[in-house]
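The values are calculated or read from the model by the stated rules, or taken from the named source; none is laboratory data. These numbers come from a predicted model, not from an experiment. Cβ coordinates were reconstructed from backbone atoms using ideal geometry, including for glycine residues, and neighbour counts include every protein chain displayed. These accessible areas exclude ligands, DNA and RNA; they are computed on the full protein's heavy atoms, side chains included. Shrake-Rupley method; radii C 1.70, N 1.55, O 1.52, S 1.80 Å.
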Amino acid sequence: MKKLHLISFASWEQRFLLGASRACDKIKFDAATIFYSQKYSNETEDNRIKLINKLKEKNIAYYLEEVDFSSQSSCWKTIKSYFDSQKIGKNVVVDITTMPREIIWYIFLLLKQNKANIEYIYHKPECYGDWLTEDTDIPRFPLKLSGLSDISKKTFLIIVTGYDYARAEQICNYFEPDKVCFAMQSGKQFNNTSLNSKAHKTLIEEVDALTIDIDCYGDDCGEKQLSKIIEEYISTRNLILASLGPKQSAVALFRLAMKHPEIALCYAPSKKINMQYSFGCGGSYRGPVIP
Amino acid sequence: MSNTRNPFFFQSASDLQADEVIQYYAEGGNITKALSSRENCYLIGERGAGKSMALRYHSFLVQNLLPRDERCVDTVGIYIPCNHPLMLKNEASLFDKANEIAIIEHFFTLSMAYHICSSLRDCCKLHNEKIQKKLLKNLSYSLALNKNIPFYGDIFSSIMNFSIHESAAMQKELNKINSERPKITYTFFTLILPLLDIARRTDSLEKAHFSMLFDDAHLLSMDRQKVLNSYVSYRDHSQFSFKAAIASCEDYTFMTTEGSTLVAGHDFTMLDMEEDFQNSKSDFGRFIRTIISKRFKEFNISASPDEFFPISDALNKGIEKARESARIEAIKKYGEIDSKKINDYVYKYGRARYFQNRPAKASLPQYSGIDTIAHVSTGVVRNALHPCWKMYEKELTRLRGTIPQTIPPNIQASILKEESDALWGSIRAGFGNKIEGCTKEDSKKIENFFDELKTLFRNRLLSQCSEPRILAFIVSEKESEAYEEVKRLLLLCRKAQLLYERFGPGKDDGRRETFYATNRLLWIAVGLDPEGQHGRLSIKATDILAAAIRKTPFLSASENEGQLNLLDLKDWK
């Protein structure tokens, strides 16, 4: 039986613990790595301890690794150094549920370099809090995933939108792209129609954006719908892709960045996250990172 | 909004074609003087002030399309956008500082080389192919390349391709998980200076002065800003100079990579894009009319801006009646002979009487007219074009696609109210996810501050105080503990474009002082006069903080009289 390694990112959210526990009950892991943010180490301590107890109960070896997320270069170096020094194994399940997107991408990239078979797992919440994040930091390209920018080409920004149109607006204002496309999650889950589609209506008009529908909860995490528009513009524009919507869109963006190294991924960090970000743990999604 | 059926579309200037820049650019202030000089210059202006448009208009590519006698610069302007993804990559930060700076400069240099060549390629002819190849070979030698830069038809195209190829090669290396530090990087001195020498061999550029026009330089990382500043610090400006557009001085460091600091007046001059329109000599209303008239020409609209945006009869008559009423008051006070005092009185109180005499339950004035639009924009071009765009769209819909010849005052008023409400809405919603460094608590403080400011301005307008229509303020008590926090909050307000920082003559010993002009669009929804007055209120830092944190009201208008830092008309330049 193949050895399976779980990688997760600690959070105070209920679904971090509930989801990881559920996964441990259903999947036979041999080892687990729990990354956690230095900034939120107090807030995540309780859940970390509980998860460790669960891992012990299941005889799963575990490793803890603190990440200083305030500095992009130290974040990358910490994660890279961890993967350089530890034998992770060839079969890895990355729990992206509460993992910042930039870290998702770093882990995928480093595991891919180690030729691991990577799966993702994602646990939906039962509901979200009344606000999610605030105190936005400047958008940035993740290290090693900033693409190959051509001086002669203009910029085309593709944003998988979420519930926070202000962040989408901020990214548009920052890059001032020649063209913008909003990839909008379809469906009525979590008040999606009003929080997503309607909220972005003014911004779509203002920046004259293209819009496409996307289903990040599908098997391909929305990759196919994004592919179409990427293939249309990749030869004539510098493409920047941002994931502000469902977390699985980060998987789709990573796949696209691997297929098209010219693509730059974009991350919009927030300095403050709601302690009541989400409640409960709903359904889970699991699939290969690179099919 | 890039809808080309609407004459008020506003697009990022960097997206316009060169001929469109010529079509839509309107000269204002001392911009040409600054951009055609051989001195380094920083252009300062918030988003929408017209910085990019000014840089692009004064670039060689655009100027070269103009007839020779209409060209306004004799420098060769090379436009370089700093918000290009190549300028925003961070892989260099994984190396030690020296290598990081070398990589940053490498990308800067390649970007400059590309833009120099793309600007000159179609306009300037070099000698025969043999000479061009020789020059390319010399350049390759000076860059210590293993092989010569490939020749692609002409030397400028060759260097453009070289720049693209080299930047891609460096990016590929840096994107590797275990990238190595670069062995060779290019600098301003190894690539750009030889390139400028090559450019001077063309017939028309023998004695050319090259002006590098960096747009949105505030978006660069601090290290990149320092690299740019190091170029600015270079003493010899005879052959090249640097102009950089930044949003504000707070967003930009003036330090160099060597650790020194650039000095205004010595290393560079500064041009505040908005300042020029804030005094009585220059007139933003005239500038906006010029911009709109140019656009109307392209869209075959024959009406003038005043005809297109007529002021409401009721508003016009109401204000005239109020002025007349103020004139009568003044005559009673000063007698008929002292016309200067009468005119000053009418200026100070005429319009105010209109707002003061309106019944308490009256609906909002029908804000309309091109002057109102100009005032509401608070000196930022985009702030004028945006509501005009919406007005045009609304009227176009109402007329079912027939081109409007005028925008009725009621449409103007409803759009201005809508926009004002939206701006207050954004204050209520908070800026935590729009502005870097703005927490939820900060958003609340900003909301409180503007609520109290609204009350203060409204009370002043309805009172008998001197200069009742003031909409700007300075912060006093600069030595207080509260001042640093107030400065931080006001910076966030500026980033949200609720306030604009301006510089003007101070009351004491005429030194220039910083003051804050509020975004006048805010005052439409609360029924104030967006025209404002030239004076500015002095508000203590402690009072601002108290208002922000505890919603403590500012002093009433009459109590505030002693605090006024007014400019008499005669002091106003």
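Looking at segment B:190-216, which of its residues are within 14 Å of chain A (Cβ to nearest Cβ) and touching a Leu at 6+ places or on another chain (Cβ under 6 Å)? Please lay out each step first, then the result.
Taking segment B:190-216 first, the residues within 14 Å of chain A (Cβ to nearest Cβ) are B:191, B:215-216.
The answer is B:ASP215, and nothing else.
Which of (1) over 21 Å from A:CYS172 (Cβ atoms); (2) in contact with a Ser or Thr (Cβ under 7 Å, 6 or more places away or on another chain); (3) not aliphatic (A, V, I, L, M) does B:PRO404 not meet, given it meets every other one?
Unmet condition: (2).
Hey, could you check segment B:168-189 for residues that are open to solvent by less than 50 Å² (accessible area, probe 1.4 Å) and away from chain A (no Cβ under 14 Å) and say which is modelled with the lowest pLDDT?
The qualifying residue modelled with the lowest pLDDT is B:PRO182.
With respect to B:ILE104, determine if the residue is away from chain A (no Cβ under 12 Å), open to solvent by less than 30 Å² (accessible area, probe 1.4 Å) and without any contact (Cβ under 8 Å) to a residue 24 or more places away in the chain.
Judged against the criteria, B:ILE104 is not a match.
Quick test for you: out of B:GLU39, B:GLU20, B:GLU46, pick the one residue that is assigned to a loop (DSSP other than H, G, I, E, B), under 28 Å from B:ASP122 (Cα atoms) and either more than 19 Å from the chain's Cα centre (by Cα) or in the same structural domain as B:ILE177 (by TED's automatic domain parsing) (or both).
Details: B:GLU20 fails: assigned to a loop (DSSP other than H, G, I, E, B); B:GLU46 fails: under 28 Å from B:ASP122 (Cα atoms).
After ruling out the rest, the residue left standing is B:GLU39.
Give, as residue ranges, the strands (runs of 3 or more DSSP E) completely inside segment A:30-142 that count at least 1 residues that are closer than 19 Å to A:MET258 by Cβ.
A:91-95, A:117-123
Given the structure, is A:ILE151 surrounded by fewer than 21 Cβ atoms within 10 Å (Cβ to Cβ), within 12 Å of another protein chain (Cβ to nearest Cβ) and either aliphatic (A, V, I, L, M) or closer than 30 Å to B:MET112 by Cα (or both)? I'd like the intermediate steps shown before the answer.
Values: surrounded by fewer than 21 Cβ atoms within 10 Å (Cβ to Cβ): no; within 12 Å of another protein chain (Cβ to nearest Cβ): yes; either aliphatic (A, V, I, L, M) or closer than 30 Å to B:MET112 by Cα (or both): yes.
Criteria not met by A:ILE151.
Could you look through segment B:447-480, keep only residues that are in a loop (DSSP other than H, G, I, E, B) and touching a Lys or Arg at 6+ places or on another chain (Cβ under 8 Å), and pick out the one that is farthest from B:GLY532 (Cα to Cα)?
The qualifying residue farthest from B:GLY532 (Cα to Cα) is B:SER480.
Given the conditions (1) in contact with a helix residue (DSSP H, G or I) (Cβ under 7 Å, 6 or more places away or on another chain); (2) open to solvent by 60 Å² or more (accessible area, probe 1.4 Å), report the number of the one that A:LYS26 does not fulfil.
Result: A:LYS26 fails condition (1) only.
Is there any pair linking a residue in segment B:129-143 that is surrounded by 13 or more Cβ atoms within 10 Å (Cβ to Cβ) to one that is among the aromatic types (Phe, Trp, Tyr), with Cβ under 8 Å and at least six apart or on different chains, and which?
Correct list of pairs: B:GLN132/B:PHE151; B:LYS133/B:PHE151; B:LEU136/B:PHE151; B:LEU143/B:TYR186.
Would segment B:288-309 turn up any residue that is closer than 30 Å to B:THR514 by Cβ, away from chain A (no Cβ under 14 Å) and not β-branched (Val, Ile, Thr)?
Looking through segment B:288-309, at least one residue is closer than 30 Å to B:THR514 by Cβ, away from chain A (no Cβ under 14 Å) and not β-branched (Val, Ile, Thr).
What helices (runs of 4 or more DSSP H) completely inside segment B:356-441 contain at least 1 residues that are farther than 30 Å from B:ALA322 by Cβ and either away from chain A (no Cβ under 14 Å) or of a type in the set (Ser, Thr, Tyr) (or both)?
Output list reads B:381-398, B:409-429.
Report, by residue number, each residue of segment B:107-123 that is outside any helix (DSSP H, G or I) and either in contact (Cβ under 8 Å) with a residue 24 or more places away in the chain or touching a helix residue (DSSP H, G or I) at 6+ places or on another chain (Cβ under 6 Å) (or both).
B:ARG121, B:CYS123
With respect to the numbered conditions (1) open to solvent by 30 Å² or more (accessible area, probe 1.4 Å); (2) touching a residue at least 40 places away in the same chain (Cβ under 8 Å), which one is the sole condition not fulfilled by B:LYS390?
(2)
Given the conditions (1) surrounded by 16 or more Cβ atoms within 10 Å (Cβ to Cβ); (2) out of contact with any Lys or Arg (no Cβ under 6 Å at 6 or more places or on another chain); (3) not hydrophobic (A, V, I, L, M, F, W, C), report the number of the one that B:GLY350 does not fulfil.
Result: B:GLY350 fails condition (2) only.
From the residues in segment A:71-104 that are within 14 Å of chain B (Cβ to nearest Cβ) and in contact with a strand residue (DSSP E or B) (Cβ under 6 Å, 6 or more places away or on another chain), which one is most open to solvent (accessible area, probe 1.4 Å)?
Once the filter is applied, the top-ranked residue is A:THR78.
Scan (1) part of a helix (DSSP H, G or I); (2) within 13 Å of chain A (Cβ to nearest Cβ); (3) of a type in the set (S, T, N, Q) for the single condition B:ASN83 breaks and write down its number.
Status for B:ASN83: all satisfied but (1).
Please go through segment B:399-416 and pick out each residue that is of a type outside the set (Val, Ile, Thr) and either open to solvent by less than 20 Å² (accessible area, probe 1.4 Å) or within 18 Å of B:ALA314 (Cβ to Cβ) (or both).
Initially, segment B:399-416 is screened for residues of a type outside the set (Val, Ile, Thr), giving B:399-401, B:404-405, B:408-410, B:412-414, B:416.
Scanning segment B:399-416 gives B:PRO404, B:PRO408, B:PRO409, B:ASN410, B:GLN412, B:ALA413, B:SER414, B:LEU416.
Within segment B:419-427, identify whether any single residue is over 30 Å from A:ASP130 (Cβ atoms), in contact (Cβ under 8 Å) with a residue 40 or more places away in the chain, outside the structural domain of B:ARG460 (by TED's automatic domain parsing) and touching a Leu at 6+ places or on another chain (Cβ under 6 Å), and answer yes or no.
There is no residue in segment B:419-427 that is over 30 Å from A:ASP130 (Cβ atoms), in contact (Cβ under 8 Å) with a residue 40 or more places away in the chain, outside the structural domain of B:ARG460 (by TED's automatic domain parsing) and touching a Leu at 6+ places or on another chain (Cβ under 6 Å).
Residues are listed down the side, and each one gets a yes or a no for (1) at positive phi; (2) touching a residue at least 60 places away in the same chain (Cβ under 8 Å); (3) open to solvent by 30 Å² or more (accessible area, probe 1.4 Å):
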| residue | (1), (2), (3) |
| --- | --- |
| B:SER59 | no, yes, no |
| B:GLN63 | no, no, no |
| B:PRO85 | no, no, no |
| B:LYS89 | no, yes, no |
| B:HIS127 | no, yes, yes |
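Which residue, of A:LEU64, A:LEU55, is away from chain B (no Cβ under 14 Å), over 19 Å from B:ASN175 (Cβ atoms), modelled with pLDDT of 95 or more and surrounded by fewer than 15 Cβ atoms within 10 Å (Cβ to Cβ)?
That would be A:LEU64, the only listed residue that is away from chain B (no Cβ under 14 Å), over 19 Å from B:ASN175 (Cβ atoms), modelled with pLDDT of 95 or more and surrounded by fewer than 15 Cβ atoms within 10 Å (Cβ to Cβ).
Can you find, within segment B:21-53, the residue that is nearest to B:ASN229 (Cα to Cα) among those that are more than 14 Å from chain A (Cβ to nearest Cβ) and of a type in the set (Asp, Glu)?
Checked segment B:21-53; the qualifying residue nearest to B:ASN229 (Cα to Cα) is B:GLU39.
For segment A:207-277, which strands (runs of 3 or more DSSP E) that fit wholly inside it have 2 or more residues that are over 30 Å from A:TRP12 (Cα atoms), out of contact with any Pro (no Cβ under 7 Å at 6 or more places or on another chain) and more than 14 Å from every other protein chain (Cβ to nearest Cβ)?
Working: elements: A:210-214, A:237-243, A:264-266, A:270-273.
Here the list reads A:210-214.
Please give the number of the condition B:ASP15 fails out of (1) crowded, with 20+ Cβ neighbours inside 10 Å; (2) within 14 Å of chain A (Cβ to nearest Cβ).
Only one criterion is unmet by B:ASP15, namely (1).
In segment A:105-132, which residue that is among the hydroxyl-bearing types (Ser, Thr, Tyr) and buried (at least 20 other Cβ atoms within 10 Å of the Cβ) is nearest to the other protein chains (Cβ to nearest Cβ)?
Among them, the one singled out is A:TYR106.
Of everything in segment A:145-159, what is over 21 Å from the mean Cα position of the chain (by Cα) and assigned to a loop (DSSP other than H, G, I, E, B)? Give them in sequence order.
A:LEU148, A:SER149, A:ASP150, A:ILE151, A:SER152, A:LYS153
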